[in-house]
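Contents: one structure, followed by commentary.
The values are calculated or read from the model by the stated rules, or taken from the named source; none is laboratory data. Since the structure is predicted, the reported quantities are computational estimates derived from the model, not experimental observations. Counting neighbours? That spans all protein chains shown, and the Cβs are built from the backbone with ideal geometry, glycine included.
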Amino acid sequence: MSSVSSGYMSKVSVNVAKRSEIFARHGKLGAGYGSRRSVGTSIMQLTGAILLAFSSASFAADGENHGLSKYGELKYPADFAHFEYADPAAIKGGTIVQASIGSYDNLNPFVLKGQSAAGAGLIYDTLMVSSLDEPFSKYGLLAQSIEVPEDKRWVQFRLRPEARWHDGVALTAEDVVWTFDTIKEKGHPFYRSYYGAVVKAEAIDSHTVKFHFSEGNNGELPLIIGDLAIMPKHFWEGKEFEKTTLEPLLGSGPYRFDKIDPGRSISYTRVEDYWGKDIPVNVGHDNFGTMRYDYYRDSTVALEALKSGDVHFRSENVSKNWKTAYDVPAVNDGRIVKEELPDNTTAPMQAFVLNNRRANLSDVNVRLALTYAFDFEWMNKNLFYGAYKRTHSYFQNSEFMATGLPEGDELALLEEYRDQLPSSVFDEEYTLPTNDGSGNIRAQYRKALQLFKKAGWEVKDKMMTNVNTGEALELELLLASPTTEKIGLAYKKTLERLGVVLKVRIVDSAQYEKRVEDSDFDMVVLGWQQSNSPGNEQLSYWGSEAAKEPGSRNYAGISNPVVDALIKRIIEAPTRQTLVTATKALDRVLLHNHYVIPQFYGPSYRLAYWNKFERPAIAPIDSYGLTTWWIDPEKEAALGQ
């Protein structure tokens, strides 16, 4: 399911999350810490990466398995010792401090209210965890074994009997059922649609839980349930789950809450007697003794905190900073390591998201006209030091990316909906306007004016005006970080030449989150990170029902029956090839409706950190794998000297 790998946006690979607009505030998290392994800091970080899945080829029908894979065999056998990208000899201990932007007022990452604290998911275990060196595989964590029938109408998990909450109480099937029922009823509205096809969770016995589905042959549902972070029923009895809280919550994971300083800092300490420390999926992970997140007003201040040593690790998401802000003694003498690691994941769709619910943005010609006014080449040359590439797909750099004209199976699929689609889907290759970087985009202005006129807008008294209502076209770009302001201001200048007024407004993170949740905006800078196995999360990204839900990740308010139908094809795809075909078709339909103005992406992770860390010799494929790093005491001592 989605964050962002380029520019000022972030990339998040998550299991428990709230919304991917956190991109704009957190840099590229990859498989950094937020909760369990690829679990995010809050529901806001939900991304495409969590939706890995399984196939009948990877398990015995009506038999118990140690993991599931969607399109192929599992890499690791039942008796594997640890993931290859984790080092069992990793040293435990030490403190890592990372920066977080804004503030927090809630330690419960599963509800709509409040601003969840960074790392709030660290205290929880999930039923299963993803392997970061396989595209579509998950292995049991809380689940000792997993069983799925051939018709895929249910999934059954046998829990590990040794699993314990931090207070010593056994974790049971009753906790799993309570967790599922509670977050579906009282959690973030996202969960109601996300788990919509799961009709019931049932405790078969004290350590066996079964989830029943309303439909069969949906290969992702068992894996979606496997991502469920389990909470303790006995702890929450008598408490109001849906309200914000600063009470330290109880978990079963490798970390527990340590020091809580609302709005300023939050830290977690490693659980020395953690019940699951020797389980193969955990070996070599969770090595830091203390994880602390210090809060800063903006990314610029956070960068200075890195230079001073107050922050230990930073994923840099501002290209100008990367080129100009690290010429300091600590970098030059090697105390701070500055390096780029290749990013081989599907590039996210980072974009100006246009709220199609607004009357003045509901016409596709208006949205396309606004796209013509975005001068990427000038921005890349003058603002980003040529660091980025233009995004042309919701599945950029993957086999799901729609290219050229539709043909073969994709064309046959789209033909079923021809009378409901723009003719350009069949007749025109999707392209974005290209410039020379000089800032002279007269040809694009002419095209934009033609499109505005087609939609009933003309320039009158130097203002783009609706010919029927006399309304001037004024838009607000809502931002949560000053880091993004320069992009908005550059875009504002190009729009002025068309008579379009763009007001760039920066608000605090709490107000920003609330307004996005309520769809109270014209434009925002957000994004979606896709996984290597698109599926049910597409409903929450583009589905018509999601467009009506508060807190939905269908930020653009897309309500399109063809999009809904193609998502259904993706979810029900019986083979990898049919999945690719349906996803390409979805990509093409989304692109030709111009719901967003695509921006850009970068090819690498940009990391800066104090030279006290070590990491395994083998790197994971899907991230830089911070969860497997550790602190070398000798290196740390040398820094102290």
Counting only residues that are without any contact (Cβ under 8 Å) to a residue 12 or more places away in the chain and part of a loop (DSSP other than H, G, I, E, B), which one in segment 378-415 is farthest from Asn321 (Cα to Cα)?
-> Glu407
Quick check: anything in segment 241-250 within 27 Å of Ser131 (Cβ to Cβ) and in the same structural domain as Ala617 (by TED's automatic domain parsing)?
-> no
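For every residue, the table says whether it meets (1) hydrophobic (A, V, I, L, M, F, W, C); (2) over 25 Å from Glu513 (Cβ atoms).
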{"residue": "Lys186", "(1), (2)": "no, no"}
{"residue": "Thr208", "(1), (2)": "no, yes"}
{"residue": "Ile224", "(1), (2)": "yes, no"}
{"residue": "Lys233", "(1), (2)": "no, yes"}
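Criterion first (of a type outside the set (Phe, Trp, Tyr), modelled with pLDDT of 85 or more, surrounded by fewer than 22 Cβ atoms within 10 Å (Cβ to Cβ) and in contact with an Asp or Glu (Cβ under 8 Å, 6 or more places away or on another chain)) does Lys92 satisfy it?
Values: of a type outside the set (Phe, Trp, Tyr): yes; modelled with pLDDT of 85 or more: yes; surrounded by fewer than 22 Cβ atoms within 10 Å (Cβ to Cβ): yes; in contact with an Asp or Glu (Cβ under 8 Å, 6 or more places away or on another chain): no.
So Lys92 fails the test.
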Among the numbered criteria (1) outside any loop (DSSP other than H, G, I, E, B); (2) modelled with pLDDT of 95 or more; (3) surrounded by fewer than 21 Cβ atoms within 10 Å (Cβ to Cβ), which single criterion is violated by Thr300?
-> (2)
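Residue-by-condition table, conditions (1) closer than 17 Å to Lys277 by Cα; (2) hydroxyl-bearing (Ser, Thr, Tyr):
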| position | (1), (2) |
| --- | --- |
| Ser69 | no, yes |
| Phe80 | yes, no |
| Tyr85 | yes, yes |
| Ala89 | yes, no |
| Lys92 | yes, no |
| Ser103 | no, yes |
| Leu107 | no, no |
| Phe110 | no, no |
| Gly114 | no, no |
Can you tell which of Tyr595, Tyr601 is touching a strand residue (DSSP E or B) at 6+ places or on another chain (Cβ under 6 Å) and of a type in the set (Ser, Thr, Tyr)?
-> Tyr601
Checked segment 306-335 for anything surrounded by fewer than 18 Cβ atoms within 10 Å (Cβ to Cβ) and not basic (Lys, Arg); matches are Ser308, Gly309, Asp310, Thr324, Ala325, Asp327, Val328, Pro329, Val331, Asn332, Asp333, Gly334
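Would you pick out the residues in segment 419-447 that are part of a helix (DSSP H, G or I) and more than 32 Å from the chain's Cα centre (by Cα)? It would help to see each step written out before you state the result.
First, the residues of segment 419-447 that are part of a helix (DSSP H, G or I): 419-420, 424-427, 442-447.
Asp419, Asp427, Arg442, Ala443, Gln444, Tyr445, Arg446, Lys447, listed by residue number.
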Quickly run through segment 219-235 and pick out the residues that are within 28 Å of the chain's Cα centre (by Cα) and of a type in the set (A, V, I, L, M, F, W, C).
-> Leu221, Leu223, Ile224, Ile225, Leu228, Ala229, Ile230, Met231
Tally of residues being crowded, with 22+ Cβ neighbours inside 10 Å, over 14 Å from Gln530 (Cβ atoms) and modelled with pLDDT under 95 across segment 572-607 | 5
Selection from segment 548-567 of residues that are at pLDDT 95 or above and more than 15 Å from the chain's Cα centre (by Cα) = Ala556, Gly557, Ile558, Ser559, Asn560, Pro561, Val562, Val563, Asp564, Ala565, Leu566, Ile567
Flagged pairs (Cβ under 6 angstrom, 6 or more apart or on separate chains; first in segment 235-249, more than 20 Å from Trp165 (Cβ to Cβ); second in a loop (DSSP other than H, G, I, E, B) and of a type in the set (Asp, Glu)) are Thr244/Asp105
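Within segment 213-268, how many residues turn out to be assigned to a strand (DSSP E or B), among the small types (Gly, Ala, Ser) and within 30 Å of Asn65 (Cβ to Cβ)? Talk me through it step by step, then tell me what you get.
Going through segment 213-268, the residues assigned to a strand (DSSP E or B) turn out to be 213, 229, 255-261, 265-268.
Now drop any that are not among the small types (Gly, Ala, Ser), which leaves 229, 265, 267.
Adding the requirement that they be within 30 Å of Asn65 (Cβ to Cβ) leaves 229.
Matching residues across segment 213-268 total 1.
Kindly evaluate Tyr624 against the criterion of being within 19 Å of the chain's Cα centre (by Cα) and outside the structural domain of Val129 (by TED's automatic domain parsing).
Details: within 19 Å of the chain's Cα centre (by Cα): yes; outside the structural domain of Val129 (by TED's automatic domain parsing): no.
Answer is no for this residue.
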Does at least one position in segment 524-532 carry a residue that is modelled with pLDDT of 95 or more, touching a helix residue (DSSP H, G or I) at 6+ places or on another chain (Cβ under 9 Å) and more than 17 Å from Ser393 (Cα to Cα)?
-> yes
In segment 268-317, what residues are touching a residue at least 60 places away in the same chain (Cβ under 8 Å) and of a type in the set (Gly, Ala, Ser)?
-> Gly276, Gly284, Gly289, Ser299, Ala302, Ala305, Gly309, Ser315
State which residue is modelled with the lowest pLDDT when the search covers only segment 459-491 and only residues that are closer than 20 Å to Ala556 by Cα and aliphatic (A, V, I, L, M).
-> Ala480
Hey, could you check segment 376-434 for residues that are of a type in the set (Ser, Thr, Tyr) and touching a Phe, Trp or Tyr at 6+ places or on another chain (Cβ under 9 Å) and say which is nearest to Trp528 (Cα to Cα)?
-> Tyr394
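Tell me which residues, restricted to segment 327-377, are small (Gly, Ala, Ser), over 18 Å from Tyr430 (Cα atoms) and not in a helix (DSSP H, G or I). Outline the logic, then answer.
Residues of segment 327-377 small (Gly, Ala, Ser): 330, 334, 347, 351, 359, 362, 369, 373.
With the extra rule that they be over 18 Å from Tyr430 (Cα atoms), the set shrinks to 330, 334, 359, 362.
Correct list: Gly334, Ser362.
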Please enumerate the residues belonging to segment 241-295 that are crowded, with 20+ Cβ neighbours inside 10 Å and within 30 Å of Val507 (Cα to Cα).
-> Leu249, Phe257, Ile266, Tyr268, Met291, Arg292, Tyr293, Tyr295
In segment 271-291, is there at least one residue being modelled with pLDDT of 95 or more, in contact with a helix residue (DSSP H, G or I) (Cβ under 6 Å, 6 or more places away or on another chain) and outside any loop (DSSP other than H, G, I, E, B)?
-> no
